[in-house]
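The values are calculated or read from the model by the stated rules, or taken from the named source; none is laboratory data. Here the structure is a predicted model, which is why all the values come from computation and not from measurement. Here the Cβ positions follow ideal geometry from the backbone for every residue, glycine too, while neighbour counts run over all protein chains shown.
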Amino acid sequence: MTTEQTNKQRLAILDEAFEQNDLAVIQLVGEDGNAFAILAEAQAALRIAGWSHVQIEAFMEEAMSGDYDHLLQTCLGYLEVE
């Protein structure tokens, strides 16, 4: 499977998860700006919102597929950020 196919598959899983599950909410203001802390907060919120292991894994892979700004953009795209 090519990288492009893998990316498309991951995004399809995320879009499906976003439509199927409750909205996950995280608070970033006043929190540690460390990328790992943000990922941990997002992962916990996604579990609470009912996302499956596969869906959370797809989110984590997408969030970590770029730089810090991409991580934040992924959070803004799939989570309710306070």
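Listing for the model above:
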{"read-out": "Test: Tyr68 is at pLDDT 85 or above and exposed (fewer than 12 other Cβ atoms within 10 Å of the Cβ)", "value": "yes"}
{"read-out": "Residue identified as buried (at least 17 other Cβ atoms within 10 Å of the Cβ), without any contact (Cβ under 8 Å) to a residue 24 or more places away in the chain and hydroxyl-bearing (Ser, Thr, Tyr) among Thr6, Thr74, Thr2", "value": "Thr74"}
{"read-out": "Restricting region 55-80 to residues that are among the hydroxyl-bearing types (Ser, Thr, Tyr) and within 8 Å of the chain's Cα centre (by Cα), the residue that is nearest to Asn34 (Cα to Cα)", "value": "Thr74"}
{"read-out": "All positions within region 42-54 that are within 10 Å of the chain's Cα centre (by Cα) and either among the hydrophobic types (A, V, I, L, M, F, W, C) or crowded, with 19+ Cβ neighbours inside 10 Å (or both)", "value": "Ala42, Ala45, Leu46"}
{"read-out": "Test: Gln43 is under 15 Å from Asp22 (Cα atoms) and not basic (Lys, Arg)", "value": "yes"}
{"read-out": "Selection status of Leu79, under 20 Å from Arg10 (Cα atoms), in contact with a strand residue (DSSP E or B) (Cβ under 8 Å, 6 or more places away or on another chain) and either without any contact (Cβ under 8 Å) to a residue 12 or more places away in the chain or of a type in the set (A, V, I, L, M, F, W, C) (or both)", "value": "yes"}
